[in-house]
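A.B. asks: Handing you a structure now.
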Amino acid sequence: MASRNRAEVRNAIHTRIRHKVRGTSERPRLAVYRSLNHIYAQLIDDEGAKTLAAASTNEKALRGSTGGNIEAAKRVGQAIAERALSAGIDSVVFDRGGYLYHGRVKALTDAARAAGLNKNEASAEEPAKEAAAAPLSEASETKKPKKAKSKKEVST
């Protein structure tokens, strides 16, 4: 494993992901490719072996000062969502392409969700976050007074 380079490792991870993720005409695969200077997104129907829509920072409309930052990824995510919705696609399967789900890859998918792709997925995550945050805040409130009481008792 030590003799393998980063690109080989990413390709191996991507191959494992592709065994699990398949795009259909109803729910295509949103594939992300990230290079040093650009980011690309495609909606792919794996059954028909067709690209249904694509967006990248190489396009004049999406080109900014640079294509290798989070703002550019957000622009591409917004554009791919608009193109998908105009093609009648509102639900996709996400393929991170072997990259970690953070930074530019996460920004692209969050922008696509905000623009209308996978609406049910975004709404399902928000209540789960709120429910997870509520017990933490209650637990922290109950722990603080206990600690304060024990300190006062020790000092007196």
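A.B. asks: Take Gly23 and decide whether it is in a loop (DSSP other than H, G, I, E, B), in contact with a Ser or Thr (Cβ under 7 Å, 6 or more places away or on another chain) and of a type outside the set (Asp, Glu).
C.D. replies: Values: in a loop (DSSP other than H, G, I, E, B): yes; in contact with a Ser or Thr (Cβ under 7 Å, 6 or more places away or on another chain): no; of a type outside the set (Asp, Glu): yes.
No, not satisfied.
A.B. asks: If a residue must be within 26 Å of Ile13 (Cα to Cα), in contact (Cβ under 8 Å) with a residue 24 or more places away in the chain, aliphatic (A, V, I, L, M) and assigned to a loop (DSSP other than H, G, I, E, B), how many such residues does region 72-117 contain?
C.D. replies: The number of residues fulfilling the criteria is 2.
A.B. asks: Can you spot a residue in region 87-95 that is within 28 Å of Arg6 (Cα to Cα), among the aromatic types (Phe, Trp, Tyr) and modelled with pLDDT under 90?
C.D. replies: no
A.B. asks: Of everything in region 46-57 that's out of contact with any Leu (no Cβ under 6 Å at 6 or more places or on another chain) and within 17 Å of Gly97 (Cβ to Cβ), which residue is modelled with the lowest pLDDT? First the steps, then the outcome.
C.D. replies: Step one: of region 46-57, the residues out of contact with any Leu (no Cβ under 6 Å at 6 or more places or on another chain) are 46-51, 54-57.
In the following step, the residues that additionally are within 17 Å of Gly97 (Cβ to Cβ) were identified as 46, 51, 54-57.
Values: Asp46: 88, Thr51: 92, Ala54: 95, Ala55: 95, Ser56: 94, Thr57: 93.
The qualifying residue modelled with the lowest pLDDT is Asp46.
A.B. asks: Would you mind finding the one in Ala61, Ala49, Ala41, Ala54 that is without any contact (Cβ under 8 Å) to a residue 60 or more places away in the chain and under 20 Å from Arg113 (Cα atoms)?
C.D. replies: On the way: Ala61 fails: under 20 Å from Arg113 (Cα atoms); Ala49 fails: under 20 Å from Arg113 (Cα atoms); Ala41 fails: without any contact (Cβ under 8 Å) to a residue 60 or more places away in the chain.
That would be Ala54, the only listed residue that is without any contact (Cβ under 8 Å) to a residue 60 or more places away in the chain and under 20 Å from Arg113 (Cα atoms).
A.B. asks: Would you mention how many residues in region 34-69 are farther than 19 Å from Arg83 by Cα and in a strand (DSSP E or B)?
C.D. replies: Going through region 34-69 one residue at a time, the tally reaches 1.
The values are calculated or read from the model by the stated rules, or taken from the named source; none is laboratory data. Keep in mind it's a predicted model, so treat the numbers as computed, not measured. Cβ atoms come from the backbone with ideal geometry, glycine included; neighbour counts cover every protein chain shown.
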